[in-house]
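Data block below; observations after.
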């Protein structure tokens, strides 16, 4: 039986196969939250580490989406 963590890690891995997908937010490229553990197997070039600035992060995500990218925006809580 798979756990929630295993399923989430597998989903992140599947998403990362699409060349348009990028992961951005706090603790995506650096350890620090439980979410960062789900991204350990992801290519570092797809991980965009950001400071804590939610408005900027959402604006960046919107801009990427408007340019045919698929941003996975991580807001750790």
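The values are calculated or read from the model by the stated rules, or taken from the named source; none is laboratory data. Note that the structure is predicted; figures quoted are calculated from it, not measured. Quick reminder, even Gly has a Cβ in these numbers, built from the backbone with ideal geometry, and neighbours come from all protein chains shown.
Scanning the range 48-77 for residues that are free of Cβ contacts under 8 Å to residues at least 40 places away in the same chain and not in a helix (DSSP H, G or I) returns 48, 49, 50, 51, 52, 53, 67, 77. Do the conditions hold for residue 42, that is, is it at pLDDT below 95, surrounded by 11 or more Cβ atoms within 10 Å (Cβ to Cβ) and in a strand (DSSP E or B)? Judged against the criteria, residue 42 is not a match.
Of everything listed in (1) exposed (fewer than 11 other Cβ atoms within 10 Å of the Cβ); (2) touching a residue at least 12 places away in the same chain (Cβ under 8 Å), the single unmet condition for residue 32 is (1).
Please work out if residue 22 is part of a loop (DSSP other than H, G, I, E, B), in contact (Cβ under 8 Å) with a residue 24 or more places away in the chain and touching a strand residue (DSSP E or B) at 6+ places or on another chain (Cβ under 7 Å). In short, no.
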